[in-house]
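Heads up, the thing below is written out as structure tokens.
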Amino acid sequence: MRKIELLISLLLLCLSSVKAQQTKNDVLTELDNKSELYGNVAQTIWGFAEMGYLEEKSSALLQKTMSDEGFSIKKGVAGIPTAFIAEYGSGSPIIAILGEYDALPGLSQKAVPEKSSAGEAAGHGCGHHLFGTASAAAAIAVKDWMKASNVKGTIRFYGCPAEEGGSGKVYMVRDGLFNDVDIALHWHPGAENKASAGAALANKSAKFRFYGISAHAAASPEKGRSALDGVESMNAMVNMMREHIPEKARIHYVITDGGKAPNVVPDFAEVYYYARHDKRDVVLEIFDRIVKAAEGAALGTGTTMDYELIGGTHELLPNLTLQKLMHDNLTKVEGITYTAEEIVFADKIAQGMGYDKADLETAKNIQPYQTEAQAFGSTDVGDVSFTVPTAGMSSATWVPGTPAHSWQAVAAGGTSIGKKGMMVAAKTLTLTAIDLYTNKELITQAKNELSERRGADFIYIPLLGDRSPALDYRQ
């Protein structure tokens with residue numbers, strides 16, 4: 001009798017496991033069924049191409065997409081008109097999925113494999129139209145699964161504006177909007193499929209403004225004091241400083257205003273600076289030296305100077321508990337396969353970058369899992385990662401070999417290639433969230449890892465201080 005009872009128990013356990021697997025498969029099938037819908041949302045945002053803190057139409061479309069699916073919406077959070085939180089469910093665990101939707105200046109491009117336009121117009125050279133849409137799709141899929149499976153908890157979509165230099169998430173972290181979150185998940189468009197431990201550079205940026213005295217540059221130059229001289233003197237000193245900073249540090253600048261006419265001594269000039277390193281303490285030290293260079297430049301040129309902090313982000317803090325889980329799910333989802341038409345497009349893009357043809361295997365395969373990574377860029381996800389256990393991934397939304405912030409990335413992001421990669425991300429985020437809801441021990445492990453990695457004495461201090469959001473930094 002006991003053997004029969006044991007066999008029945010084992011049978012029920014197997015049936016339960018099969019049912020759970022079927023539930024996941026059903027969720028993925030539903031995402032496939034909605035891929036055209038989500039592709040249209042992404043394509044619309046691609047067409048809007050709104051820059052940081054100006055993403056009114058993009059934010060509104062994502063808000064409507066979430067609201068139509070039964071999510072409650074909190075608009076204008078953290079003092080940012082285009083930031084929002086969409087929430088479904090109640091209680092814990094609370095899992096956040098991050099979404100972005102800002103474009104980059106000067107990267108206007110049609111969805112064709114040749115450079116077709118450029119100039120002042122913006123373009124989605126970092127694929128944030130795909131980022132926001134796939135994250136929204138994942139949150140909706142998780143909501144549908146929770147509802148069908150009677151699972152308790154909360155799923156949140158965080159509408160995060162101005163990642164490109166505006167540090168939107170930093171203000172959201174600073175305002176405590178992640179304080180009750182258990183896990184945060186995110187992704188990013190890319191040229192390959194991977195979910196290894198990520199890395200990002202800490203970053204602090206500012207606009208330095210010099211003020212001089214106007215005069216006729218030929219008739220009375222002695223009466224003028226050139227604000228542009230101040231900018232150029234600052235740049236010269238910072239460029240000499242590069243020899244004496246840590247090797248991994250990065251400093252970039254662009255002169256945003258250098259005067260209007262050669263025969264007028266400019267009484268105003270502005271230069272926009274970034275300082276980066278993989279440790280925020282080093283960034284703060286380098287930034288202070290940049291400020292000293294600006295002060296010296298003003299003194300030496302007889303001008304005055306002030307500066308406005310624009311952004312500041314922490315480095316990315318990896319969470320291997322979550323990363324391994326996400327990698328396993330990405331492996332299950334797999335990469336993308338190009339159609340004949342997509343291959344023609346991809347080959348042209350690849351050839352324009354100096355390759356013989358597109359690397360189709362990289363688009364199809366998943367990169368091996370690694371526990372360490374080298375940092376190159378920066379992201380305000382870093383601040384989230386020091387607040388809540390965070391994991392991310394990337395998928396091949398661009399032709400392999402394509403660099404971010406390029407017209408090639410804009411072009412592919414406006415095609416079916418971008419949509420396919422986007423859906424890989426949506427599926428991976430969905431499966432990862434489902435695993436966390438059904439195995440809360442993983443959440444505990446991830447939280448313990450976060451505490452250990454950031455240290456017992458850690459206190460979160462935003463690098464941008466107490467300034468209000470720089471809502472006009474792209475204007």
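Does residue 181 satisfy being part of a loop (DSSP other than H, G, I, E, B) and either within 30 Å of residue 418 (Cα to Cα) or out of contact with any Phe, Trp or Tyr (no Cβ under 8 Å at 6 or more places or on another chain) (or both)? Criteria met by residue 181. Is there a residue in segment 44-61 that is closer than 20 Å to residue 425 by Cβ, touching a Leu at 6+ places or on another chain (Cβ under 9 Å), surrounded by fewer than 19 Cβ atoms within 10 Å (Cβ to Cβ) and not aliphatic (A, V, I, L, M)? Scanning segment 44-61, I find at least one residue that is closer than 20 Å to residue 425 by Cβ, touching a Leu at 6+ places or on another chain (Cβ under 9 Å), surrounded by fewer than 19 Cβ atoms within 10 Å (Cβ to Cβ) and not aliphatic (A, V, I, L, M), so the answer is yes. Residue 219 fulfils the conditions (1) among the aliphatic types (A, V, I, L, M); (2) touching a residue at least 24 places away in the same chain (Cβ under 8 Å); (3) over 29 Å from residue 168 (Cβ atoms) except for a single criterion, (2). A single entry from 91, 119, 79 fulfils the requirement of being at pLDDT below 95, in the same structural domain as residue 438 (by TED's automatic domain parsing) and surrounded by fewer than 17 Cβ atoms within 10 Å (Cβ to Cβ): 119.
Just so you know, in segment 449-475 the residues that are in contact (Cβ under 8 Å) with a residue 40 or more places away in the chain and in a helix (DSSP H, G or I) include one that is nearest to residue 280 (Cα to Cα), and it is 454.
Of the set (1) assigned to a helix (DSSP H, G or I); (2) in contact with a strand residue (DSSP E or B) (Cβ under 6 Å, 6 or more places away or on another chain), all apply to residue 205 but (1). When 358, 294, 346 are checked against the criterion of being under 30 Å from residue 475 (Cβ atoms), modelled with pLDDT of 95 or more and crowded, with 20+ Cβ neighbours inside 10 Å, a single residue qualifies: 294. I'd like to check something: does segment 211-218 contain any residue that is crowded, with 18+ Cβ neighbours inside 10 Å and among the aromatic types (Phe, Trp, Tyr)? There is no residue in segment 211-218 that is crowded, with 18+ Cβ neighbours inside 10 Å and among the aromatic types (Phe, Trp, Tyr).
Scanning segment 1-51 for residues that are modelled with pLDDT of 95 or more and assigned to a loop (DSSP other than H, G, I, E, B) yields 34, 49, 50.
Working carefully through the options 162, 134, 148, 138, find the one that is of a type in the set (Gly, Ala, Ser) and either without any contact (Cβ under 8 Å) to a residue 60 or more places away in the chain or closer than 30 Å to residue 248 by Cβ (or both).
Within the list 162, 134, 148, 138, the selection yields 162.
Evaluation of residue 198 against the conditions (1) part of a strand (DSSP E or B); (2) modelled with pLDDT under 95; (3) of a type outside the set (Ser, Thr, Tyr) shows that the sole unmet condition is (1). The set of residues from segment 72-86 being out of contact with any Pro (no Cβ under 6 Å at 6 or more places or on another chain) and not polar (S, T, N, Q) comprises 73, 74, 75, 76, 77, 78, 81, 84, 85, 86. In the set 57, 110, only one residue is of a type outside the set (Ser, Thr, Tyr) and not in a loop (DSSP other than H, G, I, E, B); that residue is 57. Please tell me if residue 381 is touching a helix residue (DSSP H, G or I) at 6+ places or on another chain (Cβ under 9 Å), farther than 30 Å from residue 341 by Cα and not acidic (Asp, Glu). Answer is yes for this residue. Answer with yes or no whether residue 295 is without any contact (Cβ under 8 Å) to a residue 24 or more places away in the chain and either in contact with a strand residue (DSSP E or B) (Cβ under 8 Å, 6 or more places away or on another chain) or of a type in the set (Phe, Trp, Tyr) (or both). Considered against the rule, which asks whether it is without any contact (Cβ under 8 Å) to a residue 24 or more places away in the chain and either in contact with a strand residue (DSSP E or B) (Cβ under 8 Å, 6 or more places away or on another chain) or of a type in the set (Phe, Trp, Tyr) (or both), residue 295 comes out as yes. The residue of segment 257-291 that is surrounded by the most Cβ atoms within 10 Å (Cβ to Cβ), among those that are farther than 22 Å from residue 313 by Cα and either β-branched (Val, Ile, Thr) or touching a His at 6+ places or on another chain (Cβ under 6 Å) (or both), is 265. Note on segment 166-203: among residues that are under 16 Å from residue 469 (Cβ atoms) and of a type in the set (Lys, Arg), the one that is surrounded by the most Cβ atoms within 10 Å (Cβ to Cβ) is 169. Within segment 402-421, one or more residues are in contact with a Cys (Cβ under 6 Å, 6 or more places away or on another chain), in the same structural domain as residue 82 (by TED's automatic domain parsing) and on the phi < 0 side of the Ramachandran plot.
With 442, 436, 429 as the choices, which residue is surrounded by fewer than 21 Cβ atoms within 10 Å (Cβ to Cβ), among the hydrophobic types (A, V, I, L, M, F, W, C) and out of contact with any His (no Cβ under 7 Å at 6 or more places or on another chain)? Lay out the reasoning, then the answer.
On the way: 436 fails: surrounded by fewer than 21 Cβ atoms within 10 Å (Cβ to Cβ); 429 fails: surrounded by fewer than 21 Cβ atoms within 10 Å (Cβ to Cβ).
Answer to the selection: 442.
Which of the residues belonging to segment 297-311 are crowded, with 16+ Cβ neighbours inside 10 Å and under 29 Å from the mean Cα position of the chain (by Cα)?
Quick first cut of segment 297-311, residues crowded, with 16+ Cβ neighbours inside 10 Å only: 297-298, 301, 303, 305, 307, 309-311.
Across segment 297-311, the qualifying residues are 307, 309, 310, 311.
The values are calculated or read from the model by the stated rules, or taken from the named source; none is laboratory data. Since this is a predicted model, take the numbers as computed values, not measurements. All Cβ positions, even for glycine, are placed from backbone atoms using ideal geometry, and neighbour counts span all protein chains on display.
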